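Heads up: the structure comes next, in structure tokens.
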Amino acid sequence: FDDGRDFDPRQVALVESAADNDALVPSFPASPLPPVEEGIDWTGYSPNRIALRVAAPRDRILVLAEPCVDGWQARIDGQVVPLLRVNYFLRGLRVPAGTRIVEMTYTVPGLKNGLVVSALGVAGLALLAAWPRQAPRLTRHP
């Protein structure tokens, strides 16, 4: 920090831009789950999906020790929320106070567009293969 304080990533999350830092934390309906003490309960983890139950008495920034790369999408209590680039390269998100269900899923960027282009290419090849062709006419010359 510029004021001489030490940076402790367990206590402080540095967000990438002032716009991220000033972003409002969206409000969510009360969670149907019973309250738990402050903490995180991992409910699922795979290469393409992370599921957590987060309980906090006040709004927090959840920071995962995983790189923030394109393709990840986050939901809190089923609602899509923006991901933040935290501490230069980690993935994070703002979690409102209360008990929340956090889910992050990964989809390869551009996969849908690539599938559409591939399907159009296959359809075009099928049309060309089915296009009626006439055999060349042979003409006799005397």
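Laid out as a table, the results:
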| read-out | value |
| --- | --- |
| Protection proxy ranking, peptides 80-86, 43-49, 103-109, average beta carbon neighbours within 10 Å, highest first | 80-86, 103-109, 43-49 |
| Residue (of P96, V117, V69) at the positive-pole extreme of segment 58-142, dipole from beta-carbon charges | V117 |
| Nitroxide proxy distance, nm - points 7 Å out along Cα→Cβ at V117 and Y45 | 3.6 nm |
| Accessible-area order (highest first, 1.4 angstrom probe) of the listed residues I101, I50 | I101, I50 |
| Ordering of 115-128, 57-70 by packing [mean C-beta count within 10 Å, highest first] | 57-70, 115-128 |
| Inter-label distance, nm, simple model (7 Å from Cα along the C-beta direction), V69/D6 | 3.3 nm |
| Stretch gain in nm, segment F89-T105, where the contour uses 0.36 nm per residue and the Cα spacing is subtracted | 4.0 nm |
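The values are calculated or read from the model by the stated rules, or taken from the named source; none is laboratory data. These numbers come from a predicted model, not from an experiment. Cβ sites come from the backbone with ideal geometry, for glycine too, and all protein chains shown count toward neighbours. The protein model used for the area step is the full one, side chains on, heavy atoms only, and it has no ligands, DNA or RNA in it. Shrake-Rupley method; radii C 1.70, N 1.55, O 1.52, S 1.80 Å.
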